[in-house]
Number of protein chains: 2
Amino acid sequence: MDTPAALLDSVKMQRNIQRMQQRADSLGVHLRPHVKTHKCAEVVAAQIAAGARGITVSTLKEAEYFFELGIQDILYAVAMAPHKLPQALALRRRGCALTLITDSLAGARAIVDFGAAQGETFAVMIEIDCDGHRSGVKPQDALLLDIAQLLGDSLVGVLTHAGESYGLDTPEALQAIAEQERARCVEAAQRIRAAGMACDQVSVGSTPTALSAVSLEGVTELRAGVYAFFDLVMHNIGVCRTEELALSVLTTVIGHQAEKGWIITDAGWMAMSRDRGTQAQKRDFGYGQVCNEHGELIDGLLLSSANQEHGVARFEAGGVDVVTQFPLGTRLRILPNHACATGAQFGNYNAVLHNGEVQRWERLRGW
Amino acid sequence: MDTPAALLDSVKMQRNIQRMQQRADSLGVHLRPHVKTHKCAEVVAAQIAAGARGITVSTLKEAEYFFELGIQDILYAVAMAPHKLPQALALRRRGCALTLITDSLAGARAIVDFGAAQGETFAVMIEIDCDGHRSGVKPQDALLLDIAQLLGDSLVGVLTHAGESYGLDTPEALQAIAEQERARCVEAAQRIRAAGMACDQVSVGSTPTALSAVSLEGVTELRAGVYAFFDLVMHNIGVCRTEELALSVLTTVIGHQAEKGWIITDAGWMAMSRDRGTQAQKRDFGYGQVCNEHGELIDGLLLSSANQEHGVARFEAGGVDVVTQFPLGTRLRILPNHACATGAQFGNYNAVLHNGEVQRWERLRGW
């Protein structure tokens, strides 16, 4: 196998998928995986086989790709841009149960007006801001009911994502934000219902909150993405162990700077991505944690810097004869900070099956 | 045009290409552009038409791609990994004048032994470390002559890259590192020659040093890459103006958080890349400088944070009614920190020609 290459341990992936499905089952909600992490047909198939109900996507291109592969129930979880409505309409006309989201009167009006002109009733969820992280309407905001009324028959529910959970790293704080995510989304649904409108679906989730929630009362579905692979950011948050990370980058040693203890690898930022998500966390892994070829952690060896096609690995503590221990041509594996970003640098995964067979799994790219 | 999309201003690109070619001409050296920035046939064609002699690549896949397109003189400027030698041999057997590099005895031996077994004399340059930045042999190191002797007839020259120049931002410091890059590479060549061996080629370069060098005496060729597009990192270093940046990301406003002054765009890190190269420079541009649809800078408006398919733009000083001034559906353009990283997120450029016509220019990806 040439390097750099994206290696996917399918046994670990299967376990991760089972773990999240069991959580959703035990919490009494459907699981709608976010496929933006992997954008891969084989991974989606494993998620559906485990019990997932529909998928979440981050682009309409993902929706088209996975609809072609037979998945009909698709939530596009980015606020709808008016110019993309014809593309959404085309998907619905082909039989895709595509749900859109919005968090503004202007967005809701664009959807409803375009639908009226085309004779289509879109399915729309209102995005709720549960933590000040990014988009969404606050549950108490008068705007919520105005948007709901404007959407009329198009309104199918409310949705939120506690992105702020990525900044936490204690079970107590994670449980608290999971409860906040649940409570504020349910509050929004109840306000809509109290105003005499239907609001069937209540969708919440992120990998950290999904794995930390004690109760999801009032919620109908859970969304999460990165759990299928996990990564060092999730490890630092405290929701997985490094042994559970399913994605790594296979690399080759191409040189050294002996006196500095540097190992030069052919995995630079083009392979790892520029994601430095652990930089502000309790442990900074540089551009990744280095493992041997079999995936066993090499304690203290990090990919400490990266150029486009060069990575520099070194021991935090120094004192290792890297030329002797890691000679030219040595194969290493690097665990990434952020699986979504690292995966996106590759056109395919090399999936290692339980019997050791390696399969090429294609990965969707672009918009 | 759907968004996000990579827009390439071909008029600015042509000017940038002319500027660097004129510098190489006036310094009396050949220019061998590094195509890792753009990985695009049309851009290479413009560089060759302007006078470039051969190209530099960062992967053998680039070498194969551009050789297919008719470019024969190709330098693969990453230390050769032994397992890639059959791929290099295949290129040479097809008529490609491919040059490899190495900075170790183990690397040189692998190349020479494989060549001897296959009846091929590879062309090899020794990589010189001129600034402690990454790879290479120090010019004074005894190892230099050992590698040169081992390479024998394969040795065609020495090469260096002053990567530390990216950390500088004054004309004086840039001139000094350009001179250091030149002097140390020439010193290495002279040591080899003094030992009775030929060392025809002396190759140096990076965009900052190429644009700052006062003399390139003893140098035969200049390598540079990002100058074709320029970016905010180069702007901060001081070698270009923001008006010269040829690459931008076209995006659409998909929402707001009115009271915070946030404009939500559909360009997140998947479009911009995670590159935060200006973070440690004199001006931190976040994930990019926002312009209007026509590419005119909007003073103080930065893409301050990014999720996968969401970017948050805001005015550094606040105080702007963003909902009224940038309503849903507004088109914006974002200048990137690092053109190599942002370009790599896209499968093609939308090249805007001098007459306004937009052409789709494909971009190579992967390994």
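The values are calculated or read from the model by the stated rules, or taken from the named source; none is laboratory data. Keep in mind the model is a prediction, meaning the values are calculated, not measured. Heads up, the Cβs are rebuilt from the backbone with ideal geometry, glycines too, and the neighbour counts pull from every protein chain shown. Remember, those area values only see protein heavy atoms, side chains included, never the ligands or the DNA or RNA. Shrake-Rupley method; radii C 1.70, N 1.55, O 1.52, S 1.80 Å.
What the table shows:
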| item | result |
| --- | --- |
| Lys, Arg +1 and Asp, Glu -1 on Cβ, resulting dipole of the stretch B:1-145 about Cα centre, debye, nearest 20 | 160 debye |
| Charge dipole magnitude, Cβ of K and R +1, D and E -1 - the protein assembly as shown, Cα centre, debye nearest 20 | 760 debye |
| Gyration tensor (alpha-carbon) shape descriptor, the stretch B:1-65, a/c threshold 1.5 | oblate |
| Surrounding net charge for B:Asp73, when Lys and Arg each add one and Asp and Glu each subtract one, Cβ distance under 9 Å | +2 |
| Interface residues, the stretch B:60-94 - accessible area loss of 30 Å² or more versus chain alone, probe 1.4 Å | B:Val78, B:Ala79, B:Pro82, B:His83, B:Lys84 |
| Shielded by partner chains, the stretch B:239-269 residues - at least 30 Å² of accessible area, 1.4 Å probe, vs chain alone | B:Ile254, B:Gln257, B:Lys260, B:Trp262, B:Trp269 |
| Threshold 50 Å², the stretch A:300-317 residues less accessible with all protein chains present than alone (1.4 Å probe) | A:Asn307, A:Gln308, A:Glu309, A:His310 |
| Interface A:B - total buried accessible surface [probe 1.4 Å, Å², rounded to 100] | 4500 Å² |
| Estimated Rh, the stretch A:163-288: Kirkwood, alpha-carbon pairs, angstrom | 17.1 Å |
| Principal axis dimensions, the stretch A:242-337 - Cα atoms, whole angstrom, descending | 31, 26, 23 |
| Percent of Cα pairs exceeding the 41 Å cut-off, where the set is the protein assembly as shown | 32 percent |
| Chain B, accessible area per residue, ligands and nucleic acids excluded (1.4 Å, Å²) | 35 Å² |
| Neighbourhood net charge (12 Å Cβ-Cβ; Lys/Arg +1, Asp/Glu -1) for B:Ala63 | +2 |
| Cα Rg, Dmax, chain B, angstrom units | 22.0, 73 |
| Leading residue at positive end of dipole, the stretch B:165-232 (Cβ point charges), from B:Tyr166, B:Ala183, B:Phe230 | B:Ala183 |
| Between the stretch A:92-135 and the stretch A:234-297, the alpha-carbon center distance in angstrom | 40 Å |
| Prolate/oblate/rounded label for the stretch B:11-228 (Cα gyration tensor, a/c 1.5) | oblate |
| Cβ charges +1 (Lys, Arg) and -1 (Asp, Glu), total dipole of chain B, debye | 460 debye |
| The stretch A:68-131 shape via C-alpha gyration tensor axes, a/c threshold 1.5 | oblate |
| Test item: A:358-365 mean partner chain Cβ contacts at 10 Å | 1 |
| Distance between modelled label sites at A:Gln149 and B:Val358, nm, 7 Å Cα→Cβ extension | 3.9 nm |
| Highest-MSF residue in chain B out of B:Gln87, B:Gln18, B:Gln72 [GNM, Cα springs under 10 Å] | B:Gln87 |
| Charge tally in the Cβ shell below 12 Å around B:Leu250, where Lys, Arg are +1 and Asp, Glu are -1, B:Leu250 excluded | -2 |
| Closest Cβ on chain B to the rotation axis that carries it onto A (distance rounded to whole Å) | B:Arg274, 2 |
| Debye equation applied to the C-alpha atoms of the stretch A:167-208, log10 I(q)/I(0) at 0.30, 0.32 Å⁻¹ | -1.00, -1.08 |
| Within the accessible area of chain B (1.4 Å probe), percent carbon and sulfur | 48 percent |
